[in-house]
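Shown next, in C-alpha cells, is the structure this report addresses.
Read-outs throughout are calculated quantities, based only on the coordinates presented, and are distinct from any laboratory measurement. No experiment lies behind these values; they were computed from the predicted model shown. So basically every Cβ, Gly included, is an ideal-geometry build from the backbone, and we count neighbours across all protein chains shown.
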Amino acid sequence: MKTYQIILAAIAVTSVTTKSHLVSQDQMDDLFFMDKMFYDMYNGFVRGLYREHTTKVVDEQCFGPWIQSNVTHLNSIMEKMLLDFQLPAYNDASQAAQEVVNLIYANYDYCQVQKIVDDFKAFCPDGYSCLSDLTLTENLKKNGMQLGMKIYELFNLLLTSEMITDEEILQIMDKLGETYGYIFSYLFDFNIRFNGNDHAHKKLSVPQVSLPRPAKFLKRLF
C-alpha cells in the first residue's frame, strides 16, 4: 500500500515513478510518512529556490502532525458516505467542512506560500520580463554551469531505485525538491534570500599585516 502511495506522490509532485523496496521494521505510519515526505520535498524546494544553507527553511508545522487528526476524522466521514451509503450527522459534517478549510488555510500559512508568491512578485513586478526569451538566455549564460550541474544531479536522483528505508526515501525527496528549487532559481536568476536579503557577497576586510622587507629578512637569516 505504501509503495503505491509513494509512486502516486512521486508522479504528482515530481512526475517520476520511484521504485522502492521497504523493510517493514523501518516503515513509518502511512499518514505520518506522507506528511513528512511532502514537507521534506517542499522544504527542499524552498531551500533550493532561495539558495539557503539552513536545513529547515520552512516552518515544520507545514504538512505537520496537526494534519493527521483532521485527516483521520475526514476519512471516517468519507468511509461512512461511500461505504455505508449514509449521510454523516450534521455536526460531523460541519466539523468536516471546518477541517477542510483549516487544512487549506492553516497549511497555506504554515508553508508560507504567500511569502514566496510575494517575493517572486517583488522580484518580477510586471510578471513577464523575467520570463522573456532574452532574460532567460542571459540567465543561462550567467548560471549555465551551475544549472547544468543541477540538471545532471537531478537525472542521477531520478535514476535512484534502491531506497531501503523510509528515511532514505525522505532524504531523496528532500534532495529532489532542493534540486528542482535550484534549477528554478538559476533559470530565473532568483537571487532573493528567504529572510529578505539578496545573495550579494559581503566584501571581507583583510587586516593589513606589515611584512619584513626582503633585505631585513635576509639579514636575519644570514
* Asked: Hey, what do the phi angles of segment 54-61 turn into as Karplus ³J(HN,Hα) couplings, whole Hz, using 6.51/-1.76/1.60 and θ = phi - 60°, x for Gly and Pro?
  -> 6, 4, 9, 8, 8, 3, 6, 6
* Modelled label-to-label distance, R193 and D30, 7 Å Cα→beta-carbon offset: nm? -> 4.4 nm
* Structure fact -> Under the Karplus relation with 6.51, -1.76 and 1.60 and θ = phi - 60°, whole-Hz ³J(HN,Hα) for segment 76-83, x at Gly and Pro, equal 5, 5, 5, 4, 5, 6, 8, 9
* Neighbourhood net charge (14 Å Cβ-Cβ; Lys/Arg +1, Asp/Glu -1) for V46 -> -2
